[in-house]
Amino acid sequence: MLKTFSKISLMCLALSVAELVYSSADNTVVDQIAMPSETWGIAVTPNGQYVYAANNANNTVSVIQTSDNAITSNITVGASPYGVAVTPDGNFVYVANSGNNTVSVIQTSDNTVVGSPIAVGASPTWIIINDAGTLAYVVNSAAATVSVIDTSNNTVVQTITGTGNTCSCVLSPDGSYLYVINYSGVLTPYAISGDGLTYTAGIALDLSLSLGNTNGGQMVFALDSSKLYVTGYEQNTGVYNIYVVDTTNLDTPSSPGIVNQGSTNPSRPFGIVISSDGTTGYIANLSNNEILIMDVATDTLTGTVNNNSFNLGNPRMVAFVPNSPYLYSTAQSSNISQTYTFITILPPATITGVSQSNVFFTQTDYINTISWTAPESGSTPVSYNVYRDAGLTVLAGTVSANGSLVFYDHNRIPGTTYTYYVTSVDADDAESSAISVSVLTVKNN
(Lines give C-alpha, C1' and ligand atoms only; values in the text may rest on other atoms or scores of the structure.)
Protein backbone atom coordinates (compact mmCIF):
# COMPACT_ATOMS: atom_id res chain seq x y z
CA MET A 1 0.00 0.00 0.00
CA LEU A 2 1.38 3.41 -0.96
CA LYS A 3 1.94 5.80 1.87
CA THR A 4 1.82 9.13 0.03
CA PHE A 5 0.49 10.25 -3.36
CA SER A 6 2.37 13.39 -4.26
CA LYS A 7 1.43 14.02 -7.88
CA ILE A 8 -1.05 13.09 -10.52
CA SER A 9 -0.74 13.05 -14.31
CA LEU A 10 -3.45 12.51 -16.89
CA MET A 11 -3.82 10.59 -20.14
CA CYS A 12 -6.78 11.27 -22.43
CA LEU A 13 -8.44 8.79 -24.77
CA ALA A 14 -9.84 10.58 -27.79
CA LEU A 15 -11.42 9.67 -31.11
CA SER A 16 -9.16 10.20 -34.15
CA VAL A 17 -6.63 12.38 -32.35
CA ALA A 18 -3.19 11.93 -30.85
CA GLU A 19 -2.73 10.68 -27.33
CA LEU A 20 -2.59 13.12 -24.40
CA VAL A 21 -0.81 12.18 -21.20
CA TYR A 22 -0.29 14.23 -18.04
CA SER A 23 3.31 14.69 -16.97
CA SER A 24 4.49 13.61 -13.55
CA ALA A 25 5.34 17.18 -12.63
CA ASP A 26 2.74 19.36 -10.96
CA ASN A 27 -0.28 17.32 -12.02
CA THR A 28 -0.32 18.14 -15.73
CA VAL A 29 -1.44 16.28 -18.88
CA VAL A 30 1.21 14.41 -20.84
CA ASP A 31 -0.57 12.14 -23.36
CA GLN A 32 -3.81 11.23 -25.17
CA ILE A 33 -5.06 7.90 -26.49
CA ALA A 34 -7.31 7.67 -29.56
CA MET A 35 -10.47 5.63 -28.91
CA PRO A 36 -13.16 4.16 -31.21
CA SER A 37 -15.93 6.22 -29.61
CA GLU A 38 -16.91 8.00 -26.41
CA THR A 39 -15.83 5.84 -23.50
CA TRP A 40 -17.77 5.35 -20.27
CA GLY A 41 -16.95 2.51 -17.88
CA ILE A 42 -13.38 1.54 -17.12
CA ALA A 43 -11.55 -1.13 -15.09
CA VAL A 44 -7.96 -2.19 -14.58
CA THR A 45 -6.56 -5.71 -14.20
CA PRO A 46 -5.07 -6.47 -10.76
CA ASN A 47 -1.57 -6.83 -12.22
CA GLY A 48 -1.87 -3.32 -13.64
CA GLN A 49 -0.97 -4.38 -17.17
CA TYR A 50 -4.25 -3.71 -18.94
CA VAL A 51 -7.15 -1.26 -18.88
CA TYR A 52 -10.57 -2.29 -20.20
CA ALA A 53 -12.68 0.67 -21.40
CA ALA A 54 -16.30 0.45 -22.60
CA ASN A 55 -16.93 2.29 -25.87
CA ASN A 56 -20.59 3.08 -25.37
CA ALA A 57 -21.35 4.32 -28.88
CA ASN A 58 -19.89 1.43 -30.90
CA ASN A 59 -20.55 -1.62 -28.69
CA THR A 60 -16.96 -2.58 -28.01
CA VAL A 61 -14.51 -2.75 -25.14
CA SER A 62 -10.98 -1.54 -25.82
CA VAL A 63 -7.98 -3.20 -24.20
CA ILE A 64 -5.20 -0.72 -23.40
CA GLN A 65 -1.71 -1.96 -22.59
CA THR A 66 -0.45 0.26 -19.79
CA SER A 67 3.23 -0.16 -20.62
CA ASP A 68 2.85 1.96 -23.76
CA ASN A 69 -0.87 2.91 -23.76
CA ALA A 70 -1.43 1.09 -27.04
CA ILE A 71 -4.84 -0.40 -27.79
CA THR A 72 -4.20 -4.11 -28.29
CA SER A 73 -7.78 -5.19 -28.98
CA ASN A 74 -11.31 -3.95 -29.53
CA ILE A 75 -13.78 -6.58 -28.35
CA THR A 76 -17.37 -6.62 -29.58
CA VAL A 77 -19.84 -6.97 -26.70
CA GLY A 78 -23.54 -6.12 -26.28
CA ALA A 79 -25.34 -2.89 -27.09
CA SER A 80 -24.23 0.32 -25.37
CA PRO A 81 -21.69 -1.09 -22.88
CA TYR A 82 -21.52 0.96 -19.71
CA GLY A 83 -20.07 -0.52 -16.50
CA VAL A 84 -16.93 -2.70 -16.47
CA ALA A 85 -15.50 -4.86 -13.66
CA VAL A 86 -12.52 -7.23 -13.48
CA THR A 87 -12.46 -10.35 -11.30
CA PRO A 88 -9.84 -10.24 -8.50
CA ASP A 89 -7.79 -12.98 -10.21
CA GLY A 90 -7.73 -10.92 -13.41
CA ASN A 91 -9.05 -13.77 -15.54
CA PHE A 92 -12.39 -12.28 -16.57
CA VAL A 93 -13.97 -8.91 -17.31
CA TYR A 94 -17.71 -8.39 -16.84
CA VAL A 95 -19.43 -5.75 -18.99
CA ALA A 96 -22.93 -4.35 -18.38
CA ASN A 97 -24.63 -3.77 -21.76
CA SER A 98 -27.22 -1.09 -21.06
CA GLY A 99 -28.71 -1.24 -24.55
CA ASN A 100 -29.82 -4.89 -24.61
CA ASN A 101 -30.14 -5.82 -20.93
CA THR A 102 -27.26 -8.29 -20.81
CA VAL A 103 -23.82 -8.81 -19.29
CA SER A 104 -20.92 -9.98 -21.45
CA VAL A 105 -17.97 -11.92 -20.02
CA ILE A 106 -14.51 -11.44 -21.52
CA GLN A 107 -11.74 -13.97 -20.95
CA THR A 108 -8.56 -11.92 -20.51
CA SER A 109 -6.15 -14.67 -21.61
CA ASP A 110 -7.23 -14.21 -25.23
CA ASN A 111 -9.67 -11.27 -24.96
CA THR A 112 -12.62 -13.22 -26.31
CA VAL A 113 -16.22 -13.16 -25.13
CA VAL A 114 -17.06 -16.48 -23.49
CA GLY A 115 -20.49 -18.04 -23.15
CA SER A 116 -23.82 -16.53 -24.04
CA PRO A 117 -24.79 -13.05 -22.85
CA ILE A 118 -26.21 -13.14 -19.32
CA ALA A 119 -29.76 -11.79 -19.25
CA VAL A 120 -30.34 -9.30 -16.43
CA GLY A 121 -32.84 -6.50 -15.75
CA ALA A 122 -33.66 -3.49 -17.88
CA SER A 123 -30.87 -1.01 -18.59
CA PRO A 124 -27.92 -2.47 -16.65
CA THR A 125 -25.39 0.27 -16.05
CA TRP A 126 -23.18 -0.30 -13.03
CA ILE A 127 -21.40 -3.55 -12.12
CA ILE A 128 -19.09 -4.58 -9.27
CA ILE A 129 -17.51 -7.87 -8.15
CA ASN A 130 -16.90 -8.96 -4.56
CA ASP A 131 -13.37 -9.48 -3.24
CA ALA A 132 -13.75 -13.26 -3.37
CA GLY A 133 -14.59 -13.03 -7.06
CA THR A 134 -17.62 -15.25 -6.56
CA LEU A 135 -20.46 -12.77 -7.13
CA ALA A 136 -21.08 -9.89 -9.53
CA TYR A 137 -23.67 -7.23 -8.69
CA VAL A 138 -25.41 -5.56 -11.64
CA VAL A 139 -27.46 -2.39 -11.24
CA ASN A 140 -30.53 -2.47 -13.53
CA SER A 141 -31.49 1.19 -13.53
CA ALA A 142 -34.78 0.94 -15.45
CA ALA A 143 -35.89 -2.26 -13.70
CA ALA A 144 -35.22 -0.87 -10.20
CA THR A 145 -33.35 -4.05 -9.28
CA VAL A 146 -29.88 -5.44 -8.68
CA SER A 147 -29.03 -8.77 -10.32
CA VAL A 148 -26.58 -11.05 -8.49
CA ILE A 149 -24.49 -13.28 -10.78
CA ASP A 150 -22.67 -16.42 -9.63
CA THR A 151 -19.37 -16.11 -11.50
CA SER A 152 -18.68 -19.86 -11.31
CA ASN A 153 -21.43 -20.57 -13.84
CA ASN A 154 -22.47 -17.05 -14.92
CA THR A 155 -26.08 -17.38 -13.92
CA VAL A 156 -28.30 -14.93 -12.05
CA VAL A 157 -28.84 -16.46 -8.62
CA GLN A 158 -30.63 -13.60 -6.87
CA THR A 159 -32.48 -10.40 -7.71
CA ILE A 160 -32.66 -7.61 -5.15
CA THR A 161 -35.88 -5.63 -5.52
CA GLY A 162 -37.38 -2.54 -3.93
CA THR A 163 -34.36 -0.37 -4.69
CA GLY A 164 -36.13 2.24 -6.80
CA ASN A 165 -34.61 3.31 -10.11
CA THR A 166 -31.17 2.17 -9.12
CA CYS A 167 -28.16 4.36 -9.95
CA SER A 168 -25.15 2.50 -8.54
CA CYS A 169 -23.96 0.23 -5.76
CA VAL A 170 -20.85 -0.42 -3.70
CA LEU A 171 -19.71 -3.08 -1.24
CA SER A 172 -18.39 -2.12 2.18
CA PRO A 173 -14.65 -2.87 2.46
CA ASP A 174 -15.32 -5.89 4.68
CA GLY A 175 -17.95 -7.20 2.27
CA SER A 176 -20.70 -7.34 4.90
CA TYR A 177 -22.96 -4.70 3.33
CA LEU A 178 -24.11 -3.81 -0.17
CA TYR A 179 -25.02 -0.13 -0.47
CA VAL A 180 -27.49 0.75 -3.22
CA ILE A 181 -28.47 4.29 -4.23
CA ASN A 182 -31.33 5.21 -6.54
CA TYR A 183 -31.94 8.21 -8.79
CA SER A 184 -33.76 10.06 -6.00
CA GLY A 185 -30.73 9.79 -3.74
CA VAL A 186 -32.18 7.17 -1.38
CA LEU A 187 -29.25 5.14 -0.04
CA THR A 188 -30.09 1.70 1.34
CA PRO A 189 -27.63 -0.66 3.09
CA TYR A 190 -28.28 -4.37 2.60
CA ALA A 191 -26.74 -6.71 5.18
CA ILE A 192 -25.23 -9.76 3.48
CA SER A 193 -25.56 -13.01 5.41
CA GLY A 194 -25.81 -16.78 5.18
CA ASP A 195 -24.38 -18.08 1.94
CA GLY A 196 -23.79 -14.54 0.72
CA LEU A 197 -27.11 -14.52 -1.11
CA THR A 198 -29.32 -13.25 1.69
CA TYR A 199 -29.79 -9.49 1.62
CA THR A 200 -31.61 -7.67 4.41
CA ALA A 201 -32.46 -4.02 3.83
CA GLY A 202 -31.45 -1.67 6.61
CA ILE A 203 -32.67 1.83 7.36
CA ALA A 204 -32.60 3.92 4.19
CA LEU A 205 -31.05 7.38 4.19
CA ASP A 206 -32.71 9.94 1.92
CA LEU A 207 -30.02 12.24 0.57
CA SER A 208 -32.61 14.14 -1.54
CA LEU A 209 -30.45 13.99 -4.63
CA SER A 210 -31.35 13.96 -8.30
CA LEU A 211 -29.04 11.41 -9.88
CA GLY A 212 -28.60 9.71 -13.21
CA ASN A 213 -26.24 9.39 -16.16
CA THR A 214 -24.98 12.97 -15.82
CA ASN A 215 -25.77 13.90 -12.21
CA GLY A 216 -23.42 11.61 -10.33
CA GLY A 217 -24.47 8.89 -7.94
CA GLN A 218 -21.08 7.21 -7.89
CA MET A 219 -19.79 6.02 -4.52
CA VAL A 220 -16.52 5.05 -2.86
CA PHE A 221 -15.60 4.14 0.72
CA ALA A 222 -12.81 5.63 2.76
CA LEU A 223 -10.28 2.93 3.60
CA ASP A 224 -11.33 2.76 7.25
CA SER A 225 -14.98 2.13 6.23
CA SER A 226 -16.18 4.97 8.45
CA LYS A 227 -17.49 7.15 5.65
CA LEU A 228 -18.93 6.76 2.19
CA TYR A 229 -18.50 9.45 -0.47
CA VAL A 230 -21.35 10.07 -2.94
CA THR A 231 -21.24 12.41 -5.92
CA GLY A 232 -24.52 14.10 -6.81
CA TYR A 233 -26.92 16.95 -7.33
CA GLU A 234 -29.04 18.18 -4.42
CA GLN A 235 -32.69 18.71 -5.27
CA ASN A 236 -33.40 21.23 -2.50
CA THR A 237 -30.57 23.63 -3.29
CA GLY A 238 -29.80 22.95 -6.94
CA VAL A 239 -26.12 22.56 -6.06
CA TYR A 240 -23.64 19.87 -7.08
CA ASN A 241 -21.60 18.42 -4.22
CA ILE A 242 -19.63 15.46 -2.94
CA TYR A 243 -21.52 14.09 0.05
CA VAL A 244 -20.06 12.27 3.06
CA VAL A 245 -22.17 9.57 4.72
CA ASP A 246 -21.23 8.31 8.20
CA THR A 247 -21.52 4.51 8.03
CA THR A 248 -20.48 3.75 11.60
CA ASN A 249 -24.06 3.60 12.95
CA LEU A 250 -26.53 2.11 10.50
CA ASP A 251 -29.31 1.88 13.09
CA THR A 252 -29.56 5.65 13.44
CA PRO A 253 -28.19 7.11 10.20
CA SER A 254 -27.28 10.77 10.35
CA SER A 255 -27.64 13.44 7.70
CA PRO A 256 -24.73 13.46 5.27
CA GLY A 257 -21.93 15.94 5.43
CA ILE A 258 -20.65 17.85 2.41
CA VAL A 259 -17.07 18.02 1.21
CA ASN A 260 -15.65 21.53 1.57
CA GLN A 261 -15.34 22.85 -1.98
CA GLY A 262 -12.52 25.25 -1.21
CA SER A 263 -11.84 27.36 -4.30
CA THR A 264 -13.11 24.65 -6.69
CA ASN A 265 -16.48 24.54 -8.43
CA PRO A 266 -17.98 21.04 -8.65
CA SER A 267 -20.23 20.88 -11.70
CA ARG A 268 -21.69 17.42 -12.16
CA PRO A 269 -19.04 15.51 -10.17
CA PHE A 270 -19.29 11.90 -11.29
CA GLY A 271 -16.71 9.11 -10.95
CA ILE A 272 -14.72 9.09 -7.71
CA VAL A 273 -11.78 7.03 -6.41
CA ILE A 274 -9.60 7.04 -3.30
CA SER A 275 -5.83 6.50 -3.46
CA SER A 276 -4.59 3.18 -2.10
CA ASP A 277 -3.06 4.89 0.94
CA GLY A 278 -6.45 6.43 1.70
CA THR A 279 -5.25 10.04 1.76
CA THR A 280 -6.46 11.49 -1.53
CA GLY A 281 -9.61 11.37 -3.61
CA TYR A 282 -9.94 12.15 -7.32
CA ILE A 283 -13.32 13.15 -8.77
CA ALA A 284 -14.28 13.49 -12.43
CA ASN A 285 -15.92 16.93 -12.67
CA LEU A 286 -17.94 16.21 -15.78
CA SER A 287 -19.24 19.60 -16.87
CA ASN A 288 -16.11 21.57 -16.04
CA ASN A 289 -13.71 19.29 -17.94
CA GLU A 290 -11.44 18.75 -14.94
CA ILE A 291 -10.41 16.34 -12.22
CA LEU A 292 -10.94 17.51 -8.65
CA ILE A 293 -8.46 16.61 -5.90
CA MET A 294 -9.78 15.91 -2.39
CA ASP A 295 -8.00 15.65 0.94
CA VAL A 296 -9.67 12.71 2.70
CA ALA A 297 -8.55 13.64 6.23
CA THR A 298 -10.28 17.03 6.08
CA ASP A 299 -12.93 16.28 3.42
CA THR A 300 -11.79 19.31 1.47
CA LEU A 301 -11.31 19.84 -2.27
CA THR A 302 -7.78 21.17 -2.58
CA GLY A 303 -7.57 21.87 -6.30
CA THR A 304 -7.73 20.37 -9.76
CA VAL A 305 -5.46 18.46 -12.09
CA ASN A 306 -3.86 20.81 -14.63
CA ASN A 307 -5.22 19.92 -18.08
CA ASN A 308 -2.26 21.62 -19.77
CA SER A 309 -4.58 23.24 -22.36
CA PHE A 310 -5.95 19.87 -23.52
CA ASN A 311 -9.66 19.21 -23.87
CA LEU A 312 -10.59 16.59 -21.28
CA GLY A 313 -13.94 15.93 -22.97
CA ASN A 314 -16.17 15.84 -19.89
CA PRO A 315 -14.41 13.29 -17.65
CA ARG A 316 -16.74 10.56 -16.41
CA MET A 317 -15.11 7.60 -14.63
CA VAL A 318 -11.76 7.07 -12.91
CA ALA A 319 -9.74 3.97 -11.95
CA PHE A 320 -6.31 3.47 -10.39
CA VAL A 321 -3.69 1.04 -11.67
CA PRO A 322 -2.48 -1.14 -8.75
CA ASN A 323 1.14 -0.59 -7.65
CA SER A 324 1.79 1.78 -10.50
CA PRO A 325 2.12 5.52 -11.13
CA TYR A 326 -1.03 5.61 -13.24
CA LEU A 327 -4.68 6.61 -12.88
CA TYR A 328 -6.98 6.19 -15.88
CA SER A 329 -10.28 7.92 -16.55
CA THR A 330 -12.91 8.18 -19.27
CA ALA A 331 -15.18 10.92 -20.58
CA GLN A 332 -18.45 11.02 -22.40
CA SER A 333 -18.70 13.91 -24.85
CA SER A 334 -16.94 15.52 -27.80
CA ASN A 335 -15.83 12.01 -28.75
CA ILE A 336 -13.18 12.37 -26.06
CA SER A 337 -12.38 9.88 -23.34
CA GLN A 338 -9.58 10.22 -20.90
CA THR A 339 -6.98 8.19 -19.18
CA TYR A 340 -5.38 9.79 -16.17
CA THR A 341 -2.03 8.82 -14.76
CA PHE A 342 -0.81 9.66 -11.31
CA ILE A 343 2.86 9.62 -10.35
CA THR A 344 3.79 8.68 -6.82
CA ILE A 345 6.90 7.69 -4.97
CA LEU A 346 7.26 3.92 -4.80
CA PRO A 347 9.25 1.81 -2.32
CA PRO A 348 12.53 0.11 -3.28
CA ALA A 349 12.06 -2.76 -5.71
CA THR A 350 14.11 -5.34 -3.75
CA ILE A 351 15.86 -5.57 -0.39
CA THR A 352 18.39 -7.92 1.23
CA GLY A 353 20.10 -8.11 4.60
CA VAL A 354 23.18 -9.97 5.89
CA SER A 355 25.00 -10.24 9.21
CA GLN A 356 28.74 -9.49 9.30
CA SER A 357 31.36 -8.78 11.94
CA ASN A 358 34.63 -6.91 12.35
CA VAL A 359 36.99 -8.40 14.90
CA PHE A 360 39.32 -6.03 16.78
CA PHE A 361 41.86 -6.71 19.55
CA THR A 362 39.49 -5.74 22.32
CA GLN A 363 36.00 -6.19 20.82
CA THR A 364 33.91 -7.43 17.91
CA ASP A 365 31.58 -5.14 15.99
CA TYR A 366 28.54 -7.06 14.79
CA ILE A 367 27.09 -5.33 11.71
CA ASN A 368 23.83 -5.86 9.86
CA THR A 369 24.21 -4.74 6.24
CA ILE A 370 20.99 -3.76 4.44
CA SER A 371 21.01 -3.16 0.67
CA TRP A 372 18.24 -2.45 -1.81
CA THR A 373 17.50 -1.45 -5.39
CA ALA A 374 15.72 1.66 -6.62
CA PRO A 375 12.02 1.50 -7.57
CA GLU A 376 11.42 0.66 -11.20
CA SER A 377 8.76 3.34 -11.78
CA GLY A 378 7.18 6.33 -10.14
CA SER A 379 8.93 9.58 -9.25
CA THR A 380 12.69 9.50 -8.72
CA PRO A 381 13.92 9.12 -5.13
CA VAL A 382 16.45 11.57 -3.78
CA SER A 383 17.01 9.61 -0.57
CA TYR A 384 15.91 6.58 1.42
CA ASN A 385 14.88 6.33 5.07
CA VAL A 386 15.67 3.24 7.13
CA TYR A 387 13.35 2.60 10.08
CA ARG A 388 13.39 0.12 12.95
CA ASP A 389 9.61 -0.22 13.27
CA ALA A 390 6.64 -0.93 11.02
CA GLY A 391 5.00 2.32 12.09
CA LEU A 392 7.94 4.21 10.56
CA THR A 393 8.55 6.27 13.68
CA VAL A 394 12.05 5.13 14.77
CA LEU A 395 14.52 6.35 12.16
CA ALA A 396 17.77 4.40 12.01
CA GLY A 397 19.31 6.46 9.26
CA THR A 398 19.00 8.15 5.85
CA VAL A 399 20.88 7.15 2.70
CA SER A 400 21.36 9.39 -0.34
CA ALA A 401 20.08 8.07 -3.66
CA ASN A 402 23.25 9.31 -5.34
CA GLY A 403 25.54 6.72 -3.75
CA SER A 404 25.49 3.05 -2.86
CA LEU A 405 22.09 1.94 -1.62
CA VAL A 406 23.46 0.34 1.52
CA PHE A 407 22.91 0.91 5.23
CA TYR A 408 25.30 -0.44 7.90
CA ASP A 409 23.87 -1.00 11.37
CA HIS A 410 26.77 -1.38 13.82
CA ASN A 411 27.08 -2.88 17.32
CA ARG A 412 24.20 -5.33 17.04
CA ILE A 413 23.59 -8.03 19.64
CA PRO A 414 24.42 -11.58 18.51
CA GLY A 415 21.45 -13.94 18.46
CA THR A 416 18.96 -11.10 17.98
CA THR A 417 16.74 -10.70 14.94
CA TYR A 418 16.34 -7.16 13.67
CA THR A 419 13.75 -5.98 11.13
CA TYR A 420 14.44 -2.98 8.91
CA TYR A 421 11.91 -0.92 6.93
CA VAL A 422 13.18 1.13 3.98
CA THR A 423 11.16 3.88 2.26
CA SER A 424 11.85 6.08 -0.77
CA VAL A 425 11.67 9.89 -0.55
CA ASP A 426 11.35 12.19 -3.59
CA ALA A 427 12.21 15.82 -4.17
CA ASP A 428 8.83 16.94 -2.82
CA ASP A 429 9.47 15.06 0.45
CA ALA A 430 6.76 12.55 -0.43
CA GLU A 431 7.57 9.22 1.20
CA SER A 432 6.60 5.79 -0.05
CA SER A 433 5.41 2.78 1.86
CA ALA A 434 8.15 0.53 3.21
CA ILE A 435 9.82 -2.64 2.04
CA SER A 436 11.21 -4.73 4.89
CA VAL A 437 13.80 -7.38 5.67
CA SER A 438 14.71 -9.28 8.86
CA VAL A 439 18.29 -10.14 9.77
CA LEU A 440 19.52 -12.53 12.48
CA THR A 441 22.76 -11.16 13.90
CA VAL A 442 25.21 -14.07 13.95
CA LYS A 443 27.98 -14.37 16.53
CA ASN A 444 31.48 -14.71 15.13
CA ASN A 445 33.04 -18.10 15.94
Exercise. How much length is gained on full extension from D131 to I71, taking 0.36 nm per residue of separation minus their Cα-Cα distance?
Worked result: 18.8 nm
Seminar exercise, completed: Residue separation between S176 and T237 times 0.36 nm, minus their alpha-carbon distance, gives in nm 18.6 nm
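Starting from the exponent 0.38 and prefactor 2.2 Å, build the expected Rg for segment 385-445 from its residue count and divide its actual Cα Rg by it. Each step should come with its number before you reach the end.
Details: Rg = 13.0 Å, N = 61, 2.2 N^0.38 = 10.5 Å.
Expressed relative to 2.2 N^0.38 Å, the Cα Rg reads 1.24.
Assuming R0 = 51 Å, can you tell me the calculated FRET efficiency for the pair T155 and N260, based on Cβ-Cβ distance, to the nearest 0.05?
Working: r = 46 Å, r/R0 = 0.89.
For R0 = 51 Å, the calculated efficiency reads 0.65.
What order do V318, V406 take when sorted by accessible area (1.4 Å probe), most exposed first?
On the way: V318 15, V406 40 Å².
I get V406, V318, largest accessible area first.
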Seminar exercise, completed: Computed over segment 134-205, the distribution of all Cα-Cα distances in 5 Å bins, rounded to whole %, is 4, 18, 29, 28, 16, 5, 1
For this session: Quote the accessible area belonging to Y233 in square angstrom, nearest 10, computed with a 1.4 Å probe and with ligands, DNA and RNA left uncounted.
Result: 60 Å²
Exercise. Which of Q49, Q363, Q261 moves most in a GNM of the chain, Cα contacts under 10 Å?
Worked result: Q363
Problem set entry | Pairwise label distance in nanometres, D224 with Y408, each label 7 Å out on the Cα-Cβ vector | 4.3 nm
For this session: Report the equivalent ellipsoid semi-axes for the chain in whole Å, largest first, defined as the square roots of five times the eigenvalues of the gyration tensor built from alpha carbon atoms.
Result: 42, 24, 23
For this session: For segment 78-172, report the translational diffusion coefficient in µm²/s to the nearest whole number, using Stokes-Einstein at 20 °C, 1.002 mPa s, and a Kirkwood Rh over Cα pairs.
Result: 167 µm²/s
Exercise. R268: accessible area at probe 1.4 Å, nearest 10 Å²?
Worked result: 80 Å²
Exercise. How far apart, in nm, are the 7 Å Cα→Cβ label points at T200 and N358?
Worked result: 6.7 nm
Exercise. Just the C-alpha atoms of segment 121-166: what Rg/Rh do they give, with Rh taken as the Kirkwood radius?
Worked result: 0.97
For this session: Return the whole-Å distance between the Cα centroid of segment 59-79 and the Cα centroid of segment 121-192.
Result: 25 Å
Exercise. Under a 1.4 Å probe, what is the accessible area of the chain per residue, stated in Å²?
Worked result: 39 Å²
Exercise. Using a 1.4 angstrom probe and counting only protein chains, how large is the accessible area of S377 in Å², to 10?
Worked result: 50 Å²
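Round to a whole number: what % of the accessible area of the chain belongs to carbon and sulfur, probe 1.4 Å? Intermediate values should be presented prior to the final figure.
Numbers: 8120 of 17360 Å².
In the chain, the share of accessible area belonging to carbon and sulfur is 47 percent.
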Problem set entry | Dmax and Rg, reported as Rg then Dmax, of segment 126-274 (C-alpha, Å) | 14.9, 50
For this session: Count charges around V244 for me, please; just the other residues with Cβ under 12 Å from its Cβ, Lys/Arg as +1, Asp/Glu as -1.
Result: -1
Exercise. Hey, what D do you get for segment 183-222 in µm²/s if you plug the Kirkwood alpha-carbon radius into Stokes-Einstein at 4 °C and 1.567 mPa s?
Worked result: 110 µm²/s
For this session: Please give, to one decimal in nm, the separation of the simple spin-label points placed at S383 and N249, each 7 Å out from Cα toward the Cβ.
Result: 4.6 nm
For this session: State the volume of the convex hull built on the alpha-carbon positions of segment 172-257, expressed per residue in Å³ and rounded to an integer.
Result: 91 Å³
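The values are calculated or read from the model by the stated rules, or taken from the named source; none is laboratory data. Everything numeric here is computed off the predicted structure, so don't read it as measured data. All Cβ positions, even for glycine, are placed from backbone atoms using ideal geometry, and neighbour counts span all protein chains on display. Just so you know, the surface numbers come from the protein's heavy atoms only, side chains and all, with ligands and any DNA or RNA stripped out. Shrake-Rupley method; radii C 1.70, N 1.55, O 1.52, S 1.80 Å.
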